[in-house]
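Novice: Pasting in a structure now, in structure tokens, and then I'll have a few things to ask.
Where a number appears in this text, it was derived from the coordinates with a stated rule and is not lab data. Since the model is a prediction, treat every value here as computed from it, not as a measurement. FYI the Cβ positions are ideal-geometry reconstructions off the backbone, even for glycines, and counts take in every protein chain you see.
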Amino acid sequence: PAGRAAPDDRALLSRIAAAEALITGRFHAACFALLTETPLICTSSNTHKMEGLLNDAGLSAKRLMKAENIDAATLKDAPFTPEEKDALDQYLSSGRLATRRLFGEISALC
């Protein structure tokens, strides 16, 4: 059905949601981690998308690291702080509301 995740998408989201943390250099994987409220560590890339995403979500800049600096000890700092959790909750709520408004406006045009 339209608007529903494909079985492979649901499986990927389930795996990310079940993870203790996600280490990624991929923007969309970071988005999925935020959507499932999975703690994450991001690697820098040649764009500023990761930095922007973390900043917009109110997450600490310490979540962005060079790949060579990530090791097993990095995961101990992966859980969200209470402040980050609050900021992420607000970010997700705001995004969901804005999405509903946008699709309502688009629907009204049809």
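Novice: Estimate the FRET efficiency between Cys31 and Arg10 by the formula 1/(1 + (r/R0)^6), using the beta-carbon distance for r and 22 Å for R0, to the nearest 0.05. Kindly include the intermediate steps, with their values, before the conclusion.
Specialist: Working: r = 16 Å, r/R0 = 0.71.
Computed FRET efficiency for Cys31 and Arg10: 0.90.
Novice: State to the nearest 20 debye the size of the charge dipole of the chain about its Cα centre, where the only charges are +1 on K and R beta carbons and -1 on D and E beta carbons.
Specialist: Values: 13 positive and 14 negative charges, 61 e Å.
About 300 debye.
Novice: Based on the alpha-carbon gyration tensor of region 32-82, what equivalent-ellipsoid semi-axes (square roots of 5 times the eigenvalues) come out, in whole Å, largest first? Mind dumping the intermediate values first?
Specialist: Values: eigenvalues 50, 48, 16 Å².
So the equivalent ellipsoid measures 16, 15, 9 Å along its semi-axes.
Novice: Could you sort the peptides 79-89, 33-43 by per-residue average Cβ neighbour count (10 Å cutoff), highest mean leading? All intermediate terms of the calculation are to be shown ahead of the outcome.
Specialist: Values: 79-89: 13.9, 33-43: 20.4.
The packing order, highest mean first, is 33-43, 79-89.
Novice: In addition: Kindly rank 24-32, 100-108 from highest to lowest mean number of other beta carbons found within 10 Å of each residue.
Specialist: My ranking of the peptides, most packed first, is 24-32, 100-108.
Novice: I've got another one for you. Summing -39500 (n - 2.57) over the DSSP H runs of n ≥ 4 in the chain and dividing by its residue number, what mean residue ellipticity at 222 nm do you reach, to the nearest 500 deg cm²/dmol?
Specialist: On the way: 4 runs with 57 residues, N = 110.
Rounded to the nearest 500, the figure is -17000 deg cm²/dmol.
Novice: Distance between Cα centroids, region 63-84 to region 34-62: provide it in whole Å.
Specialist: Taking the Cα centre of region 34-62 as reference, the centre of region 63-84 is 11 Å away.
Novice: With θ taken as phi - 60° and the coefficients 6.51, -1.76 and 1.60, list the Karplus ³J(HN,Hα) couplings across region 39-56 in order, rounded to whole Hz; mark glycine and proline as x.
Specialist: x, 9, 10, 10, 9, 5, 9, 8, 10, 9, 4, 5, 4, x, 4, 4, 5, 4
Novice: With springs only between Cα atoms under 10 Å, which of Leu59, Leu13, Leu97 fluctuates most in a Gaussian network model of the chain?
Specialist: Leu97
Novice: Cα extents of region 24-109 along the three principal axes, largest first, in whole Å?
Specialist: In descending order, the Cα extents are 50, 30, 17 Å.
Novice: Right, next: Considering only Ala98, Met50, Thr81, whose Cα is most displaced toward the positive end of the charge dipole of the chain, charges sitting on Cβ of Lys, Arg (+1) and Asp, Glu (-1)?
Specialist: Toward the positive end, the furthest listed residue is Ala98.
Novice: Hey, what D do you get for region 64-110 in µm²/s if you plug the Kirkwood alpha-carbon radius into Stokes-Einstein at 25 °C and 0.890 mPa s? Before the final figure, lay out each step's value.
Specialist: Working: Rh = 13.7 Å.
Diffusion coefficient, whole number: 179 µm²/s.
Novice: Below 8 Å, C-alpha to C-alpha, sequence gap of six or more: please give me the relative contact order for the chain in percent.
Specialist: Computed value for the chain: 20 percent relative contact order.
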